[in-house]
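The values are calculated or read from the model by the stated rules, or taken from the named source; none is laboratory data. Note that this is a predicted model, so its numbers are computed, not measured. Neighbour counts run over all protein chains shown; Cβ positions are idealised from the backbone, glycine included.
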Amino acid sequence: MTTTVKVTGMTCGHCAASVREEIGAIPGVTTVDVDLATGTVTIDSTRDLDPAAIERAVREAGYRLAN
């Protein structure tokens, strides 16, 4: 399954790594690709992901999902 979200506030490689690490810790996530230029985060997983879990992970990294 592939899920795409938009994250605001990321400006550098460290930002992307933080988001990648937090989302990657969600059970079932296999890969996380971050595009800093667009703020797009593409998540591949073995199952449907709870949107609340994704939001918590992004907040834990210090960022927010775009509305």
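Provide a single number: the residues in the stretch 16-35 that are surrounded by 14 or more Cβ atoms within 10 Å (Cβ to Cβ) and either modelled with pLDDT under 95 or among the β-branched types (V, I, T) (or both). Residues meeting the conditions: 6.
Taking every residue in the stretch 2-24 that is farther than 10 Å from L36 by Cα and in contact (Cβ under 8 Å) with a residue 40 or more places away in the chain and pairing it with any residue that is among the hydrophobic types (A, V, I, L, M, F, W, C) and part of a helix (DSSP H, G or I), at least 6 positions away or on another chain, the pairs with Cβ-Cβ distances below 8 Å are T3/I54; V5/I54; V5/V58; V19/A57; V19/V58. Only a single item in (1) among the small types (G, A, S); (2) in contact (Cβ under 8 Å) with a residue 60 or more places away in the chain; (3) surrounded by 13 or more Cβ atoms within 10 Å (Cβ to Cβ) is not met by A66, and it is number (3). Picking from residues in the stretch 23-57 that are under 20 Å from N67 (Cα atoms) and in a helix (DSSP H, G or I), the one that is nearest to the chain's Cα centre (by Cα) is I23. For the stretch 44-63, give me each residue that is of a type in the set (D, E, K, R), touching a residue at least 40 places away in the same chain (Cβ under 8 Å) and touching a strand residue (DSSP E or B) at 6+ places or on another chain (Cβ under 8 Å). Residue satisfying the conditions is D44 alone. Of the residues screened, D33 is not one that is acidic (D, E) and in contact with a Gly (Cβ under 9 Å, 6 or more places away or on another chain). Would you say V41 is surrounded by 13 or more Cβ atoms within 10 Å (Cβ to Cβ), free of Cβ contacts under 8 Å to residues at least 40 places away in the same chain and hydrophobic (A, V, I, L, M, F, W, C)? Answer is yes for this residue.
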